[in-house]
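Okay, so here's the structure we're looking at.
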Amino acid sequence: LIPHDLRNSSFPAGLFLFELKNPSTIPVEVSVLLSWENVLGVGGTARLGTTSNRTGTSVVSIPDEQGIFGMRMQGVPLTQGNSLEEHLRDNTTGEMALLMRPPRKEVSISMAGWNTLAPQPPWWEAFARDGTVSGSTGMGEEGKNHPAGAIAVRLTLSPGDYAEVPFAVAWHVPHHFALSGVDYGDYAAKAFPSAVRTAQELLTEYRHLIALTEEPQRRLLSST
């Protein structure tokens, strides 16, 4: 939240920052993983209740760009009609992204797609054993396959070493129809037209954004 900066205060994304430190006198191997479900297709209203239709959603890995790795989550295509049911469906679809930026070159990155309805993530035992994940999942099908993505980073920390591992989850949902049929849209969707680009920007600029957020807070706390 940056005063007088509407765009940078409206990021349709969340930052997950893991801080790792090795206080021992020997090198240690560390793995960090973040998994996120593709919840496109899930929504509803207070009056009509919730709706869930993940049929047709997907999770796929994307090529790394500028040292940023991740997965894109697609929703079902937008409808062409004007019924209330179609409007409410359009309110829940778009694009999501799960990305991470490794803190150094000497790391191992692995990714997996999986079904959150499974009793246990199929990659869990491998991750517990060697810090890596693998696997894929098909198209979403409500009640049978709820796609999710997982990204793991593995690195070695030298004695006294410190590393900061940032992940980002971003979303782009272009429509916001009211029950009256009016599409109010979404400022963030217009300012950030791609979930992948949003996550990439956040992972590149997060230190700057955090500093701008903290500055007015420090001024307020130190004022009379």
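The values are calculated or read from the model by the stated rules, or taken from the named source; none is laboratory data. Nothing here was measured: the structure is a model prediction, and the numbers come from that model. Cβ placement follows ideal geometry from the backbone for every residue including glycine, while neighbour counts extend to all protein chains displayed. These accessible areas exclude ligands, DNA and RNA; they are computed on the full protein's heavy atoms, side chains included. Shrake-Rupley method; radii C 1.70, N 1.55, O 1.52, S 1.80 Å.
Annotations for the structure displayed:
- Scanning segment 8-20 for residues that are surrounded by 12 or more Cβ atoms within 10 Å (Cβ to Cβ) and touching a residue at least 24 places away in the same chain (Cβ under 8 Å) yields Asn8, Ser10, Phe11, Pro12, Ala13, Gly14, Leu15, Phe16, Leu17, Phe18, Leu20.
- Residues considered: Leu98, Leu40. Of these, the only one that is under 20 Å from Ser134 (Cα atoms) and open to solvent by less than 30 Å² (accessible area, probe 1.4 Å) is Leu98.
- Close pairs (7 angstrom Cβ cut-off, 6 or more residues apart or separate chains): open to solvent by less than 30 Å² (accessible area, probe 1.4 Å) in segment 47-73, among the basic types (Lys, Arg) anywhere: Ile62/Arg72; Ile68/Arg101
- Thr92 vs. criteria in contact (Cβ under 8 Å) with a residue 12 or more places away in the chain and within 30 Å of Leu6 (Cα to Cα): yes
- Looking only at segment 183-224, and only at residues there that are open to solvent by 70 Å² or more (accessible area, probe 1.4 Å) and hydrophobic (A, V, I, L, M, F, W, C), the one that is nearest to Leu84 (Cα to Cα): Leu220
- Residues that are open to solvent by 10 Å² or more (accessible area, probe 1.4 Å) and of a type in the set (A, V, I, L, M), drawn from segment 163-182: Val173, Ala178, Leu179, Val182
- Number of the exception - Ala148 against (1) farther than 17 Å from Trp124 by Cβ; (2) open to solvent by less than 20 Å² (accessible area, probe 1.4 Å): (1)
- Restricting Gly135, Gly160 to those that are open to solvent by 40 Å² or more (accessible area, probe 1.4 Å), assigned to a loop (DSSP other than H, G, I, E, B), free of Cβ contacts under 8 Å to residues at least 40 places away in the same chain and at positive phi reduces the list to Gly135.
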